[in-house]
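Worksheet for the structure shown next.
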Amino acid sequence: MRSVFKLFWRPEGLPGDPLEAYQQLRWTRNSQGVQLTNPTPYYINLIQVSVMVKR
């Protein structure tokens, strides 16, 4: 059996609260769909994303 682990090391002194970093994500629509931009120094994993379309 082989295991693969991802390890993220967070250096001390990063600005902001990592638990609130998701609130700074920026969603924009473009010709190909939706783009998500993360301006924070944190990695953010999304478990589920739903999009409601108004017509």
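The values are calculated or read from the model by the stated rules, or taken from the named source; none is laboratory data. For clarity, every value in this text was computed on a predicted model and none was experimentally measured. All Cβ positions, glycine included, derive from the backbone under ideal geometry; neighbour counts span all protein chains shown.
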Tally, over the range 33-55, of residues that are assigned to a loop (DSSP other than H, G, I, E, B), modelled with pLDDT of 90 or more and among the polar types (S, T, N, Q) | 4
So is GLU20 of a type in the set (D, E, K, R) and surrounded by 10 or more Cβ atoms within 10 Å (Cβ to Cβ) or not?
-> yes
Filter the range 23-32 down to residues that are outside any loop (DSSP other than H, G, I, E, B) and within 15 Å of the chain's Cα centre (by Cα) and give me whichever is surrounded by the most Cβ atoms within 10 Å (Cβ to Cβ).
-> GLN24
Picked from the range 38-55 (must be of a type in the set (Ser, Thr, Tyr) and surrounded by 10 or more Cβ atoms within 10 Å (Cβ to Cβ)), the residue nearest to the chain's Cα centre (by Cα) is TYR43
